[in-house]
């Protein structure tokens, strides 16, 4: 059975569930890119601005834009103190509201598998980046079990349930990403794996945060109390707790970058 698709509308809930993960992985991603300051930059699928804010703080761009199709996410992003230097726009990845050759860098943070036609999304990033500029992305390796909520998803599958997920999960695979970047005519393509961890005060904190998210909460809400309890306890068994009760989970993302010819 195909996975149900995820929609993000609540910026605050996304911040607790995935925004923090985005910054943890984003730090490694930006270290890898090694960008100088003073560039004109675009964050495609910026969501609630978690990565955009990190980008501004880390790279001090001369110009920073974020674009996302969800109005509630954009509203949350505009309220971020650390992202006041950025301009946020409603729009889709397959038809970016910018002219050709406007930016030095275009990034996608945890987005490529949400773009209905990834080929168009990468081509659009390449279009709006000037010759010699950089097009880069990182996304959880969902097919390979790299999604940070994989313990919950694994327990769902064991129970015969269908986890919610991105519409094009294979777009996060490294081989598929290489094909997308090469197909857009990008050159000097490089890839790397990003493995990160996040620690929660307790399993109950981990569980409560993930219930706020668009990928887990709606599924649990439709369960009977017995099913929900089975899912929770089955997931608990998959995540060992430290002596003080803390639990640590991991995420694995695939990252890719390439240059616009010229």
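The values are calculated or read from the model by the stated rules, or taken from the named source; none is laboratory data. This one's a predicted model, so the numbers in the text were calculated from it and none came from an experiment. Neighbour counts are summed over all protein chains in view; Cβ atoms, including those assigned to glycine, are modelled from backbone coordinates with ideal geometry.
From the residues in region 186-209 that are out of contact with any strand residue (DSSP E or B) (no Cβ under 8 Å at 6 or more places or on another chain) and loosely packed, with under 14 Cβ neighbours inside 10 Å, which one is modelled with the lowest pLDDT?
Here the residue is 208.
Give me the residue from region 74-85 that is touching a residue at least 40 places away in the same chain (Cβ under 8 Å) and touching a strand residue (DSSP E or B) at 6+ places or on another chain (Cβ under 9 Å) and, out of that set, surrounded by the most Cβ atoms within 10 Å (Cβ to Cβ).
Filtering region 74-85 for residues touching a residue at least 40 places away in the same chain (Cβ under 8 Å) gives 75-77.
Among the residues that remain, those that are also touching a strand residue (DSSP E or B) at 6+ places or on another chain (Cβ under 9 Å) are: 75, 77.
Working: 75: 14, 77: 23.
Filtering first and then ranking leaves 77.
Could you go through region 163-173 and let me know if any residue there is modelled with pLDDT under 95, assigned to a helix (DSSP H, G or I), buried (at least 16 other Cβ atoms within 10 Å of the Cβ) and under 19 Å from the mean Cα position of the chain (by Cα).
Yes: region 163-173 contains one or more residues that are modelled with pLDDT under 95, assigned to a helix (DSSP H, G or I), buried (at least 16 other Cβ atoms within 10 Å of the Cβ) and under 19 Å from the mean Cα position of the chain (by Cα).
When the residues of region 91-109 are filtered to those that are closer than 23 Å to residue 165 by Cα and in contact with a strand residue (DSSP E or B) (Cβ under 7 Å, 6 or more places away or on another chain), which remaining residue is surrounded by the fewest Cβ atoms within 10 Å (Cβ to Cβ)?
The extreme case among them is 91.
Counting only residues that are within 9 Å of residue 247 (Cα to Cα), free of Cβ contacts under 8 Å to residues at least 60 places away in the same chain and outside any helix (DSSP H, G or I), how many does region 180-206 have?
4
Say whether the condition of being closer than 26 Å to residue 193 by Cβ, in contact (Cβ under 8 Å) with a residue 60 or more places away in the chain, assigned to a loop (DSSP other than H, G, I, E, B) and in contact with a helix residue (DSSP H, G or I) (Cβ under 7 Å, 6 or more places away or on another chain) is met by at least one residue in region 90-111.
Checked region 90-111: at least one residue is closer than 26 Å to residue 193 by Cβ, in contact (Cβ under 8 Å) with a residue 60 or more places away in the chain, assigned to a loop (DSSP other than H, G, I, E, B) and in contact with a helix residue (DSSP H, G or I) (Cβ under 7 Å, 6 or more places away or on another chain).
Every residue in region 19-48 that is at pLDDT 95 or above and on the phi > 0 side of the Ramachandran plot, please.
Of everything in region 19-48, those that are at pLDDT 95 or above and on the phi > 0 side of the Ramachandran plot turn out to be 34, 38, 45.
I'd like the residue in region 110-125 that is within 23 Å of residue 56 (Cβ to Cβ) and in contact with a strand residue (DSSP E or B) (Cβ under 6 Å, 6 or more places away or on another chain) and, out of all such residues, is surrounded by the most Cβ atoms within 10 Å (Cβ to Cβ). Outline the logic, then answer.
Within region 110-125, the subset within 23 Å of residue 56 (Cβ to Cβ) is 110-112, 114, 121, 124-125.
If we keep only those that are in contact with a strand residue (DSSP E or B) (Cβ under 6 Å, 6 or more places away or on another chain) as well, we get 110, 112, 125.
Numbers: 110: 25, 112: 26, 125: 29.
Going through the qualifying residues, I end up with 125.
Could you check residue 160 against (1) surrounded by fewer than 17 Cβ atoms within 10 Å (Cβ to Cβ); (2) outside any helix (DSSP H, G or I); (3) touching a residue at least 24 places away in the same chain (Cβ under 8 Å) and say which number it fails?
(3)
Which numbered condition in (1) in contact with a strand residue (DSSP E or B) (Cβ under 6 Å, 6 or more places away or on another chain); (2) touching a residue at least 40 places away in the same chain (Cβ under 8 Å); (3) outside any strand (DSSP E or B) is the only one that residue 52 fails?
(2)
Can you tell me which of 214, 237, 221, 229 is exposed (fewer than 13 other Cβ atoms within 10 Å of the Cβ), within 20 Å of residue 162 (Cα to Cα) and modelled with pLDDT under 95?
Values: 214 fails: exposed (fewer than 13 other Cβ atoms within 10 Å of the Cβ); 237 fails: modelled with pLDDT under 95; 229 fails: modelled with pLDDT under 95.
After applying the criteria, what remains is 221.
Out of the residues in region 214-254 that are in a loop (DSSP other than H, G, I, E, B) and within 22 Å of the chain's Cα centre (by Cα), which is farthest from residue 151 (Cα to Cα)? Full working, then the answer.
Filtering region 214-254 for residues in a loop (DSSP other than H, G, I, E, B) gives 214-216, 222-224, 239-240, 242-246.
Of the ones still in play, those that are also within 22 Å of the chain's Cα centre (by Cα) are 214-216.
On the way: 214: 16, 215: 13, 216: 11 Å.
Here the answer is 214.
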